[in-house]
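S.K.: The structure's right below; bear with me while I get my questions together.
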Amino acid sequence: MTELTPALRLEGIVKTFPGVRALDGVSFTVLPGEVHALMGENGAGKSTLMKVLGGIYQPDEGKIFIAERETVMISPLEAKAKGVMFIHQELSLAQELSVAENIYLGELPRKSFGRVDWKTLFDRTDAILDKLKVGFNARTRVGDLSIANQQMVEIARALTVDAKAVIFDEPTASLTDAEKVVLFDVIADLKAQGVGIIYISHRMEEIFRMTDRISVLRDGSYRGTLETAKTNEDEITQMMIGRSLDLTRNFEHVQTGDVALRVEDLSCGHLFQNATFEVRQGEVLGFYGLVGAGRTEIAETLFGLRKPTSGRIFLKGKEVRISSPIEAISNGISLVPEDRKAQGLVLGMNCRDNITLPQVSDLRAGPFVAEGAEVAIYDQYRDRLAIKAPSWRAIAGNLSGGNQQKIVIGKWLSMQPEVLIVDEPTRGIDVGSKSEIHNLLRELAKQGYAVIVISSEMPEVLHVSDRIVAMYHGEITREFTAEEVTEDSLIQAISGISGDAA
Amino acid sequence: MAEAMVKSVGGVLARQGILVAFLVFMIGFTFWNPRFIDIDNVFGVIRSSAILGVMALGVTFVVIGGNLDLSVGSMLSFSAIVVLDLHENPAFGPALAIPAMFAMTLCLGALNGFLIGYLRLNSLIVTLGMLSAIHGLTLTYSGGQNMDIANQSATWFDVFGRGSALGIPVPVLIFALLAAFLGIVLAKTPFGRKVYAVGGNGTAATFSGIPRARVVFLTYIISAFCVATAGLIQASRTMGAQNTVGQGLELEVLAAVILGGASLLGGSGTIFKTVIGVLILGFIQNGLLLAGLEFYVQFVVTWVIIILAVWLDIATKRGKLWSPIA
């Protein structure tokens, strides 16, 4: 393999932003016909590196070589012309146009008088789609395709040029298992054609299945390259965060107190039906199920964002009606929402103002906001949650994902809730902050909070929960204690397969 | 060392770009025509900016809250016409005309706020429609006639536009006091904080238990209150008004607010910056007049200023001036 001319080589790439050295002399090489994983925590510099490669950012130092020819990437178009193609996690397709138009957008084949040569366009596109073995054709409107198929359109676009290197950025984030198989076949095909592939993912299972080598970034610097066949998860995690992530099962025996929240036969239209469960002070109740099973909707109903169609909610034994977040908050329910950036934070506001936002009307000195009290609250939760921010004046949008999530958790803890609901506590957060947040959730339960954790990650649910509620199609199918739950029984419960009568 | 200097100068430029541009502009015009920084001229500019300024204070709340208010121009005409008409009505007189006019103008603001806050309609459409509807309302009210105060020596009504206290013209005094008051409301009260939250990220505000509709509603009430105040100054200064006295002011107000650095996306801006924006706009228009250009050139210049201000704002955020849609 060493005699091959690298498809792509980066040498000593440095990129600084005001106050941050985002990339600190990163070098790595992708060989033709190789699938090369690029790993690192959020904020390690992966996306900055890809933006340098894609011509979106200009590096301060360093060189890019494509097929050993030095190249300056001045724009995304330039990158495409040089044969570097990106399959983005977020799709960038025109929903109203056909598959063929999307693939050849900007370079539609022409006839005389600038008319589009539709026949050539559709024929060429169908030829590419045939190779991908997809179930749609060149004339299909992109908006009618599933997310997975839209991703295939992006891939087809990459195949129209003579690609030297293709970068897949978290390509499986929104794919089903069957769709993943198709994607992996396509990647194998590209690999066989001698294209160099960079594969960015957090999912270890895929990394081990798909890649030949793994390069790791940490804090903007290159940490080394491993041969996939000769390494293991632990070694990679060590390289990424400097230690390993603890995701062992939770067998801690907790001293639970009174029932903090009891829900009886709660329903909300077709979203979920007859949900009955309770959570006690001092325990973590996990909600596990597929996306769309109704978990988030239950949380939103408890928080007054949705109107239940029937059912009853009891807080500390007293029935309550909750028809708005304001009422939920005054009843002692806090919700850390699933989408931190869209729902949790005002990104342009500073950390202090974000934390105190729900109680800003109560923190008053005369008619004014008591800013001293606000700073005190910020300081308290900065210390308690180990929030790493330059000061309370730091703009929330400039923090890392983990610290942003801690701000949101701090915001809701500072409301002194009876019940804390945390929806997807570690989505899009790096491994290091993940375990910090897991520990924090356990710690909160020990301090007597009633905590509900909603998660799509099984290891996470198993790691933090004392009891687990499994949901399928809007219904609670089963409830487990931490002692009795197994991965198999949990999977059955969330897929609608009725296990042994329990 | 030198590099650090360059960087910090660059940083100051980026953060205080508007102020720097303002100073450069002032110096440039002073060389052109030394009369520009004459004390009399400077005070003249401030005095003539007061009406626009008062309106811009209210629109700042609306814009930070993430909405637009294009109805302020025709709302100004409405309030000026109404207050003059009621002043002439023997059943009212000046003492009752003013509160009655405020109440009516606030109703218009409440309608804006209701449609945008509670029916969740697009603020551009609602206030653009109101621009036209209020114009029609004003003409209906006045029957198309201009309003004048017949016996100007028999009323104290001219105090708001022509009077002065402690040597300061009353319009300037009103502008300054209202700016100070609203500046404190915006920067220091829970309500002000909520306006920033609602404009910065409405969904997150909902999730934080902030009554978004009410906050938006109140920003339009504040805007209408400011327009009514400006209308009072306008009517009192000229002791008469045409039905179209506020025509086109909505764009100038918006220009001043954007020039001050409030983002049209909501969530950023301050009253102080808006005041700076108002003064810059005033001095630019004054400078053009002193340079011998016709007054209608300012309509074109206003547009150029809006474009430049938006462009520079976006460019500092993106870190580059040239950024085609890619």
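The values are calculated or read from the model by the stated rules, or taken from the named source; none is laboratory data. Since this is a predicted model, take the numbers as computed values, not measurements. Every residue, glycine as well, gets a Cβ built from its backbone with ideal geometry; the counts of neighbours run over all protein chains shown. Note: accessible area is taken over every heavy atom of the protein model, side chains too, but ligands, DNA and RNA are not part of it. Shrake-Rupley method; radii C 1.70, N 1.55, O 1.52, S 1.80 Å.
S.K.: Within segment A:441-462, count every residue that is over 16 Å from the mean Cα position of the chain (by Cα) and more than 20 Å from A:A260 (Cβ to Cβ).
M.R.: Residues that pass the stated criteria total 1.
S.K.: Of all helices (runs of 4 or more DSSP H) completely enclosed by segment A:382-478, which ones contain at least 1 residues that are small (G, A, S)?
M.R.: A:401-413, A:431-446
S.K.: Looking only at segment A:66-93, how many residues end up being within 13 Å of another protein chain (Cβ to nearest Cβ), within 25 Å of A:L175 (Cβ to Cβ) and in a loop (DSSP other than H, G, I, E, B)?
M.R.: 1
S.K.: Select from segment B:29-53 the residues that are within 18 Å of B:R237 (Cβ to Cβ), of a type in the set (V, I, T) and either open to solvent by 30 Å² or more (accessible area, probe 1.4 Å) or over 24 Å from the mean Cα position of the chain (by Cα) (or both) and list them in ascending order.
M.R.: B:I46
S.K.: A further question on this structure: Could you figure out which of (1) of a type in the set (A, V, I, L, M, F, W, C); (2) within 14 Å of chain A (Cβ to nearest Cβ); (3) open to solvent by less than 40 Å² (accessible area, probe 1.4 Å) isn't true of B:L265?
M.R.: Every condition holds for B:L265 apart from (3).
S.K.: For segment A:128-162, which residues satisfy the criterion of being within 20 Å of A:K82 (Cβ to Cβ) and aliphatic (A, V, I, L, M)?
M.R.: Matches in segment A:128-162: A:I155, A:A156, A:A158, A:L159, A:V161.
S.K.: To continue, here is another question. Determine if segment A:53-62 includes at least one residue that is part of a helix (DSSP H, G or I), of a type in the set (A, V, I, L, M, F, W, C) and away from chain B (no Cβ under 14 Å).
M.R.: Yes, there is a match, as at least one residue in segment A:53-62 is part of a helix (DSSP H, G or I), of a type in the set (A, V, I, L, M, F, W, C) and away from chain B (no Cβ under 14 Å).
S.K.: Just to verify a result, which residue in segment A:292-335, among those that are basic (K, R) and away from every other protein chain (no Cβ under 14 Å), is most open to solvent (accessible area, probe 1.4 Å)?
M.R.: Among them, the one singled out is A:R321.
S.K.: In this structure, is A:V408 β-branched (V, I, T), within 13 Å of chain B (Cβ to nearest Cβ), touching a residue at least 60 places away in the same chain (Cβ under 8 Å) and open to solvent by less than 50 Å² (accessible area, probe 1.4 Å)?
M.R.: The answer is yes for A:V408.
Residue by residue, here is whether (1) in contact (Cβ under 8 Å) with a residue 60 or more places away in the chain; (2) assigned to a helix (DSSP H, G or I); (3) charged (D, E, K, R) holds:
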residue: B:A50; (1), (2), (3): yes, yes, no
residue: B:V59; (1), (2), (3): yes, yes, no
residue: B:D69; (1), (2), (3): yes, no, yes
residue: B:S74; (1), (2), (3): yes, yes, no
residue: B:D85; (1), (2), (3): yes, yes, yes
residue: B:F102; (1), (2), (3): yes, yes, no
residue: B:L106; (1), (2), (3): yes, yes, no
residue: B:F114; (1), (2), (3): yes, yes, no
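S.K.: If you don't mind, another one. Scan segment B:268-292 for residues that are surrounded by fewer than 19 Cβ atoms within 10 Å (Cβ to Cβ) and within 14 Å of another protein chain (Cβ to nearest Cβ) and report the count.
M.R.: Total satisfying the criteria: 2.
S.K.: For segment A:51-87, which positions are among the charged types (D, E, K, R) and touching a strand residue (DSSP E or B) at 6+ places or on another chain (Cβ under 9 Å)?
M.R.: A:K51, A:D60, A:E61, A:K63, A:E68, A:E70, A:E78, A:K80, A:K82
S.K.: When residues of segment A:357-394 are filtered for being within 14 Å of chain B (Cβ to nearest Cβ) and more than 28 Å from B:P211 (Cβ to Cβ), how many remain?
M.R.: Residues meeting the conditions: 0.
S.K.: Answer yes or no as to whether B:L131 is within 20 Å of B:L68 (Cβ to Cβ) and crowded, with 16+ Cβ neighbours inside 10 Å.
M.R.: Yes.
S.K.: Failed condition for A:G401, given (1) away from chain B (no Cβ under 14 Å); (2) farther than 25 Å from A:G292 by Cα; (3) in contact with an Asp or Glu (Cβ under 8 Å, 6 or more places away or on another chain); (4) buried (at least 17 other Cβ atoms within 10 Å of the Cβ), with all others met?
M.R.: (2)
S.K.: Does A:T160 satisfy the criteria of being surrounded by fewer than 21 Cβ atoms within 10 Å (Cβ to Cβ), among the polar types (S, T, N, Q) and under 25 Å from A:V291 (Cβ atoms)?
M.R.: Taking the combined requirement at face value, the residue does not satisfy it.
S.K.: Does A:G83 count as surrounded by 14 or more Cβ atoms within 10 Å (Cβ to Cβ) and on the phi > 0 side of the Ramachandran plot?
M.R.: yes
S.K.: Follow-up question, since we're still on this one. Give segment B:139-165 a look and list any residue that's touching a helix residue (DSSP H, G or I) at 6+ places or on another chain (Cβ under 8 Å) and either open to solvent by 70 Å² or more (accessible area, probe 1.4 Å) or at pLDDT 95 or above (or both), or say none.
M.R.: The answer is B:Y141, B:D148, B:A150, B:W156, B:R162, B:S164.
S.K.: Does A:G428 meet the test of being within 21 Å of A:V346 (Cα to Cα) and open to solvent by 20 Å² or more (accessible area, probe 1.4 Å)?
M.R.: In short, yes.
S.K.: To continue, here is another question. For segment B:308-324, what are the residues that are among the hydrophobic types (A, V, I, L, M, F, W, C), open to solvent by 70 Å² or more (accessible area, probe 1.4 Å) and within 17 Å of B:L265 (Cβ to Cβ)?
M.R.: Within segment B:308-324, B:W311, B:L312 qualify.
S.K.: While we're on this one: Which ranges mark the helices (runs of 4 or more DSSP H) fully within segment B:182-254 that have 2 or more residues being within 14 Å of chain A (Cβ to nearest Cβ) and free of Cβ contacts under 8 Å to residues at least 24 places away in the same chain?
M.R.: By residue number, B:190-200, B:202-207.
S.K.: Among the listed residues A:A376, A:A365, A:A386, identify the single one that is surrounded by fewer than 21 Cβ atoms within 10 Å (Cβ to Cβ), on the phi > 0 side of the Ramachandran plot and not assigned by TED's automatic domain parsing to the domain that holds A:E278.
M.R.: Just one listed residue meets the conditions, A:A386.
S.K.: Moving to a separate point now. Of the numbered conditions (1) more than 22 Å from the chain's Cα centre (by Cα); (2) of a type in the set (F, W, Y); (3) within 14 Å of chain A (Cβ to nearest Cβ), B:F157 satisfies every one except a single condition; which is it?
M.R.: B:F157 satisfies every listed condition except (3).
S.K.: So how many residues does segment A:119-144 have that are in contact (Cβ under 8 Å) with a residue 40 or more places away in the chain, within 16 Å of A:E179 (Cα to Cα) and either outside the structural domain of A:L105 (by TED's automatic domain parsing) or open to solvent by less than 20 Å² (accessible area, probe 1.4 Å) (or both)?
M.R.: Total meeting the criteria: 1.
S.K.: On to the next question. So if I check each of B:K273, B:K320, which one is of a type in the set (K, R) and under 13 Å from the mean Cα position of the chain (by Cα)?
M.R.: One residue alone meets the criteria, B:K273.
S.K.: Check B:D85 against each of (1) of a type outside the set (V, I, T); (2) under 16 Å from the mean Cα position of the chain (by Cα); (3) open to solvent by 30 Å² or more (accessible area, probe 1.4 Å) and name the one condition it does not meet.
M.R.: Of everything listed in (1) of a type outside the set (V, I, T); (2) under 16 Å from the mean Cα position of the chain (by Cα); (3) open to solvent by 30 Å² or more (accessible area, probe 1.4 Å), B:D85 misses just condition (2).
S.K.: Let me ask another. Could you tell me which residue of segment A:341-351 is farthest from the other protein chains (Cβ to nearest Cβ), considering only residues that are farther than 17 Å from A:I452 by Cβ and open to solvent by 10 Å² or more (accessible area, probe 1.4 Å)?
M.R.: Restricting to residues being farther than 17 Å from A:I452 by Cβ and open to solvent by 10 Å² or more (accessible area, probe 1.4 Å), the top hit is A:N350.
S.K.: Say whether the condition of being surrounded by fewer than 23 Cβ atoms within 10 Å (Cβ to Cβ), of a type in the set (A, V, I, L, M, F, W, C), modelled with pLDDT of 95 or more and under 30 Å from B:S153 (Cα atoms) is met by at least one residue in segment B:210-224.
M.R.: Checked against the condition, which is being surrounded by fewer than 23 Cβ atoms within 10 Å (Cβ to Cβ), of a type in the set (A, V, I, L, M, F, W, C), modelled with pLDDT of 95 or more and under 30 Å from B:S153 (Cα atoms), segment B:210-224 yields no hits at all.
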